[in-house]
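Participant: Before anything else, here's the structure in question.
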Amino acid sequence: MSPPTLLESMLARMPSGPGAAAKAAPGQNAASPSEGSANQSISALHSGRFERWHVDPAPVQEEETWLITYLDVVTLLLAMMVVMLAFSEPVSEAFRGERREIALDRMHPQVQAAADAGTTILPPVPLPHPATAPARVEGDPVDIRAAPVPPEPPALNVGELGENVEVVTEAKGVTRFRISSELLFAPGQAALTPAGQRVIDELLPVLNQALGHTIVVEGHTDNVPIATARFPSNWELAAGRAGAVVRHLETRGVNPMRLRATGVADTRPLADNASAQGRAQNRRVEIVLEAPPVN
């Protein structure tokens, strides 16, 4: 017979309960003393301190809060779809046909033919050519309405300006008044002399005739370089002289909105700068009257 285990030894030492000596039921064989003692000890172990110490862990409850958020998102999407469908318009086949007919009416005839044939390959569309008027034969009646001639700007009454001012009439209503710089400024200076102011004042009646014309004052020099503290080059000298004339016209009551000053230096000579006479001719101020554009 094998020796008892440690558990059996501990159970054997534990006191038995009051019902341990109960007899077995009639008709049943009584258990052996060792087996009855072991069963009693196990029952006492489960109902005694073991039952007080042993606590089954509570099962973890599954959280389903994410399901509420998911249902809210689905509800919002459905509401948005309903609103979009409510604002949309049903597109009927008749409406599509009308839009297609309107589009085809605006197309080139060759493109319309390709669209009616159901092909996507379009033939080349010829570019429009400018309409040319047929050659007029002598003796044919002239249609005045065919080519209206824009009205010419009114002629200016220049009057007697003297030999100090040269008047040059150009196309499109442009009139130039050329004045030598020696009559207006001292050499290398951009301030109008009293004699130069009197020459400019002679042009005031002519300038006031055409109030709609633009007055452009151009300053011209020769090719002799200049390098002073005020005028580092001929560009500054030409622009300074043009600005002095513009300021004088403004003081005489000319609308400043009509005035413009520009310096061109020696880029537009009238004569050859190789001679002193040619350089003197190139040193000038031109007052240009530009007619307004004809609509």
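The values are calculated or read from the model by the stated rules, or taken from the named source; none is laboratory data. All values reported here derive from a predicted model rather than from experimental measurement. Virtual Cβ from ideal backbone geometry, glycine too; neighbours counted across all protein chains shown. Remember, those area values only see protein heavy atoms, side chains included, never the ligands or the DNA or RNA. Shrake-Rupley method; radii C 1.70, N 1.55, O 1.52, S 1.80 Å.
Participant: For the stretch 270-283, does any single residue satisfy the condition of being in contact with a strand residue (DSSP E or B) (Cβ under 9 Å, 6 or more places away or on another chain), surrounded by fewer than 19 Cβ atoms within 10 Å (Cβ to Cβ), more than 21 Å from Asn164 (Cα to Cα) and in contact (Cβ under 8 Å) with a residue 12 or more places away in the chain?
Facilitator: no
Participant: A further question on this structure: Quick check on my filter: what residues within the stretch 222-241 are part of a helix (DSSP H, G or I) and open to solvent by less than 40 Å² (accessible area, probe 1.4 Å)?
Facilitator: Scanning the stretch 222-241 gives Asn234, Leu237, Ala238, Gly240, Arg241.
Listed here are the residues, each with its yes/no results for (1) within 22 Å of Arg268 (Cβ to Cβ); (2) buried (at least 16 other Cβ atoms within 10 Å of the Cβ).
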residue	(1), (2)
Val165	yes, yes
Glu170	yes, no
Ala191	no, no
His220	yes, yes
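Participant: Got a number for residues in the stretch 200-215 being open to solvent by 10 Å² or more (accessible area, probe 1.4 Å) and either in a strand (DSSP E or B) or closer than 17 Å to His248 by Cβ (or both)?
Facilitator: Of the residues in the stretch 200-215, 6 are open to solvent by 10 Å² or more (accessible area, probe 1.4 Å) and either in a strand (DSSP E or B) or closer than 17 Å to His248 by Cβ (or both).
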